[in-house]
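S.K.: I have a structure here, written as C-alpha cells, and I will follow up with some questions on it.
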Amino acid sequence: MVAADVCPNCGADVPSHVRDCVRCGNAAGFPNVRAAVAAAEVAALDRRVQSAYSSAKAAGYETVLDDFGKVVATSSTAVIARPLMTLQRIVDNSNLLLMNFYKEVEAGGRTAENNDWDKGRGQIDGLINPNYYKELHFAALSLNGEGVRHYGDFHITLASNYISDRASVFEENPFKFGQRHKIVVGQSCPPGYRAPWGSRGKLAQAKLFPQLTKDSKEADYPAILINQATSRGEEDFIEVHIFGTIGAGTIERIVAYEPKGHERHIWRALKRTLDAAGIAVEVRS
C-alpha cells in the first residue's frame with residue numbers, strides 16, 4: 001500500500017508522490033519534504049545524531065561537532081555545477097528553465113550515457129523518491145559556493161529563500177547509497193538518511209562526524225562537507241533534492257572557473273548579463 005498523508009483542506013488521503021490533493025486540489029506539500037519529515041525519518045535521524053555526539057564526546061570533540069552542525073544549518077547552500085552553455089541558456093532567456101537529466105532525455109535534448117550510472121540512476125532514484133523523482137533537481141550542499149567540480153566549471157548557488165520550502169537533503173548520491181545499503185526493487189529506503197532543509201545541519205553531523213577531530217576548524221568544514229575526490233564518480237557529498245522549477249531568478253551567486261578557448265568570449269558576455277541582473281559572480285582560476 002502506498003503511504004498517504006492527509007489533505008489539510010478536505011481531510012482526504014494524499015498519495016505520497018503527489019503535491020496536490022487529488023480530491024480538492026489543495027496544496028498538500030512537496031512530496032520530498034513530506035517524506036523527510038515523516039515520524040520514522042525524524043526519529044531515525046535523531047538516533048544517528050545522538051550516536052554521533054556519543055562518539056564525539058568520547059573522542060573529545062563534542063564542541064566541534066556542535067559547531068559544525070550550526071555552521072551547516074545556517075550557512076550552507078544548494079549548489080548545482082553545470083557547463084557554461086547550460087548556464088548561458090537560462091540566463092540569456094528568462095523564459096527558459098533549468099532541466100534535470102530526466103527532462104532533458106524526455107525532451108530529446110540528450111541521451112543517457114552508456115555507463116553504469118545512467119543505466120541505473122532511474123531505478124535507484126525511483127526507490128529513494130518514488131514516482132516523483134523526475135520532478136526533482138539535484139544539487140550539492142556546500143559551504144563555499146562550489147558544487148561537485150566534475151559536473152561542470154560553473155557553480156550555481158540557488159537562493160535559499162526560494163527553495164527552502166521545497167528542498168530536502170539526502171545522505172549521498174542515491175546510486176552510491178543504493179549500492180552501499182544493497183537496496184533492491186521492492187524495498188523501501190532505510191529511514192534516517194534524509195531531512196528537510198531546516199535540519200540539514202543534523203544530517204551533516206550524523207554523516208560526517210567521523211571526518212571531524214578536536215583540531216577541526218571552520219575553515220576545514222567546506223572540504224569535509226564535499227569531498228571532491230580525484231576522479232569522477234568518487235565524490236562524496238550531501239545531495240539536495242529540490243522539487244519544481246529553477247530559472248535564472250532562482251540564482252543567487254555564480255562561482256566560475258575561467259574558461260579557455262572560444263568559450264572565453266561567451267563567458268565575458270554572459271558575465272555582463274549576470275552583473276546587470278545583480279547576480280554575484282566570483283571568478284576563480
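The values are calculated or read from the model by the stated rules, or taken from the named source; none is laboratory data. Small disclaimer: the values here were computed from a predicted structure and weren't measured. All Cβ positions, even for glycine, are placed from backbone atoms using ideal geometry, and neighbour counts span all protein chains on display. In case anyone asks, the SASA skips ligands and DNA or RNA and just uses the protein heavy atoms, side chains included. Shrake-Rupley method; radii C 1.70, N 1.55, O 1.52, S 1.80 Å.
S.K.: Between a residue in region 154-175 that is without any contact (Cβ under 8 Å) to a residue 40 or more places away in the chain and any residue that is open to solvent by 10 Å² or more (accessible area, probe 1.4 Å) and part of a helix (DSSP H, G or I), which pairs come within a Cβ distance under 7 Å, given they are 6 or more apart or on different chains?
M.R.: So the pair list comes out as SER164/TRP197.
S.K.: I need the full set of residues from region 63-88 which are of a type outside the set (Val, Ile, Thr), in a helix (DSSP H, G or I) and surrounded by fewer than 17 Cβ atoms within 10 Å (Cβ to Cβ), in order please. Step through it out loud before you land on a result.
M.R.: The initial filter retains those residues of region 63-88 that are of a type outside the set (Val, Ile, Thr), namely 65-70, 73, 75-76, 78, 81-85, 87-88.
With in a helix (DSSP H, G or I) added as a condition, the list becomes 65-70, 73, 75, 84-85, 87-88.
Listed by number, the residues that qualify are ASP66, ASP67, LYS70, SER75, MET85.
S.K.: Got a sec? Which of VAL91, VAL105 is surrounded by fewer than 17 Cβ atoms within 10 Å (Cβ to Cβ), among the aliphatic types (A, V, I, L, M) and either within 24 Å of the chain's Cα centre (by Cα) or part of a loop (DSSP other than H, G, I, E, B) (or both)? It would help to see each step written out before you state the result.
M.R.: On the way: VAL91 fails: surrounded by fewer than 17 Cβ atoms within 10 Å (Cβ to Cβ).
From the options VAL91, VAL105, the qualifying one is VAL105.
S.K.: Continuing with this model, one more query. Of everything in region 117-153, what is touching a residue at least 40 places away in the same chain (Cβ under 8 Å), surrounded by fewer than 18 Cβ atoms within 10 Å (Cβ to Cβ) and charged (D, E, K, R)? Give them in sequence order.
M.R.: Scanning region 117-153 gives a single hit, ARG149.
S.K.: Are any residues in region 249-264 at negative phi, out of contact with any Phe, Trp or Tyr (no Cβ under 8 Å at 6 or more places or on another chain) and at pLDDT below 95, and if so, which ones?
M.R.: Residues satisfying the conditions are LYS260, HIS262, GLU263, ARG264.
S.K.: May I ask you to list pairs of residues, at least six apart or on different chains, whose Cβ atoms are under 8 Å apart, with the first in region 192-216 being under 13 Å from ASN32 (Cβ atoms) and surrounded by 16 or more Cβ atoms within 10 Å (Cβ to Cβ) and the second being basic (Lys, Arg) and modelled with pLDDT of 95 or more?
M.R.: Qualifying pairs under 8 Å: ALA195/LYS202.
S.K.: If I go through region 249-285 residue by residue, how many of them are within 14 Å of VAL79 (Cα to Cα) and open to solvent by less than 20 Å² (accessible area, probe 1.4 Å)?
M.R.: 5
S.K.: Identify, by number, the condition in (1) more than 28 Å from GLY29 (Cα to Cα); (2) open to solvent by 40 Å² or more (accessible area, probe 1.4 Å) that ILE226 doesn't meet.
M.R.: Looking at each condition in turn, ILE226 falls short on (2).
S.K.: Within the group ALA36, ALA43, ALA28, which residue is surrounded by fewer than 19 Cβ atoms within 10 Å (Cβ to Cβ) and on the phi < 0 side of the Ramachandran plot? Reasoning before the result, please.
M.R.: Numbers: ALA36 fails: surrounded by fewer than 19 Cβ atoms within 10 Å (Cβ to Cβ); ALA28 fails: surrounded by fewer than 19 Cβ atoms within 10 Å (Cβ to Cβ).
The unique qualifying residue is ALA43.
S.K.: Ok, one more. Here is a check on your reading of the model: is ILE183 over 22 Å from LYS271 (Cα atoms), of a type in the set (A, V, I, L, M), open to solvent by 20 Å² or more (accessible area, probe 1.4 Å) and in contact with a Phe, Trp or Tyr (Cβ under 8 Å, 6 or more places away or on another chain)? Before the answer, list the steps.
M.R.: On the way: over 22 Å from LYS271 (Cα atoms): yes; of a type in the set (A, V, I, L, M): yes; open to solvent by 20 Å² or more (accessible area, probe 1.4 Å): yes; in contact with a Phe, Trp or Tyr (Cβ under 8 Å, 6 or more places away or on another chain): yes.
It is true that ILE183 is over 22 Å from LYS271 (Cα atoms), of a type in the set (A, V, I, L, M), open to solvent by 20 Å² or more (accessible area, probe 1.4 Å) and in contact with a Phe, Trp or Tyr (Cβ under 8 Å, 6 or more places away or on another chain).
S.K.: Taking the stated definitions as given, is VAL6 touching a helix residue (DSSP H, G or I) at 6+ places or on another chain (Cβ under 7 Å) and of a type in the set (A, V, I, L, M, F, W, C)? Can you show your working first?
M.R.: Working: touching a helix residue (DSSP H, G or I) at 6+ places or on another chain (Cβ under 7 Å): no; of a type in the set (A, V, I, L, M, F, W, C): yes.
No.
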